[in-house]
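Note sheet for the following structure.
The values are calculated or read from the model by the stated rules, or taken from the named source; none is laboratory data. These numbers come from a predicted model, not from an experiment. Every residue, glycine as well, gets a Cβ built from its backbone with ideal geometry; the counts of neighbours run over all protein chains shown. In case anyone asks, the SASA skips ligands and DNA or RNA and just uses the protein heavy atoms, side chains included. Shrake-Rupley method; radii C 1.70, N 1.55, O 1.52, S 1.80 Å.
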Amino acid sequence: MLLLKALKDSLLHLAFPHVCEGCGTDNLQAEHLLCLRCLSSLPKTNFHLHANNPIEKMFWGRIALSKATAQYYFTKESMMQRLMHQFKYKGNRDVGIYLGRLMGLAMAESNRFSTVDALIPLPLHKSKEHKRGYNQAALLCEGLSGVLNKPILNNIVTRTAYTETQTRKNRIQRWQNMEGKFNLINPSAIENKHLLLIDDVVTTGATLEACGTELLKAKNVQLSIATLCFSFH
């Protein structure tokens, strides 16, 4: 029986090779999408372990946050950029969920986020989500939820306008582009909760600030933020 199973697994691997999303090697564990070498090369920030980290400081004087973190540093032409491109633009949902799991495993090491009640994915505008087929922040939440055992709350806040890309805008322009672009539609569902707002990348924090400001309009809400990456340019 063991021989038959090994043969079956070998044939399946030949037909549907399980390879690392980072480097293409087939030397990786079945439950992972990255090999150990690629996993260890991801540029961790370790912000989740430390108070007053750069993400928390970014929001000082802008929005009342309990905690904030970003799991990895983002740089251009990096493996992380390629992975993000896979799950944002190439339809590779598994990569998004997997990276969310990595975020969850790291955050579980710290007791700083233990009081979180629920996860909220930063919403996309309906037309953009329809075009992409999914919300990348929701994929990260799916991975996070499986590790942290926290519910995901959807349809709490909506994006009311389709905004142009933020990539080439400075901080003031980014805020002006996002101001008033979110609308809290279900405040009673988040009353008295500690929410963890999730997105894929934070640069100036304008989008997260605009969405978080809406969430904080609900009664007695505590807000924390977690992103996959921190882009520091």
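Shown are Lys90, Lys181, whose ranking by accessible area with a 1.4 Å probe and every protein chain present, most to least, is Lys90, Lys181.
The peptide list 25-37, 189-201, put in order of mean Cβ contacts within 10 Å with the highest first, becomes 189-201, 25-37. For Thr25, the residues whose modelled amide H falls within less than 5 Å of its own, excluding neighbours fewer than 5 places apart on the same chain, are Cys20. The peptide list 141-150, 45-54, put in order of mean Cβ contacts within 10 Å with the highest first, becomes 141-150, 45-54. A cut-off under 10 angstrom between Cβ atoms defines the neighbours of Gln136, and their net charge, with Lys, Arg +1 and Asp, Glu -1, is 0.
Backbone amide hydrogens, once placed in the peptide plane, bring Ile225 within less than 5 Å of Lys67, Ala68, Thr69, Leu197, excluding anything fewer than 5 places away on its chain. In this structure the amide hydrogen of Ala118, modeled in the peptide plane, comes within under 5 Å of the amide hydrogens of His194, Leu196, none closer than 5 places in sequence on its chain. Computed about the Cα centre, the dipole magnitude for segment 44-123 is approximately 220 debye when only Lys and Arg (+1) and Asp and Glu (-1) carry charge, each at its Cβ. Legend: distances between Cα atoms for Lys88/Lys150; Lys181/Lys217; Lys131/Lys193; Lys44/Lys76; Lys67/Lys90; Lys57/Lys90; pairs beyond 25 Å are Lys131/Lys193; Lys67/Lys90; Lys57/Lys90.
Using a probe of 1.4 angstrom and keeping all protein chains present, the accessible surface of segment 61-128 works out to 46 square angstrom per residue. Taken along its three principal axes, the alpha carbon spread of segment 46-161 comes to 38, 33, 29 Å, from the longest extent down to the shortest. Students often get this wrong: which residues of segment 186-202 have the backbone nitrogen under 20 Å from the point 7 angstrom along Cα-to-C-beta of Ser110? Counting only backbone N, you get 194-202.
Placing a pseudo-label 7 Å from each Cα along the Cα-to-Cβ vector at Lys44 and Ser78 gives an inter-label distance of 1.5 nm.
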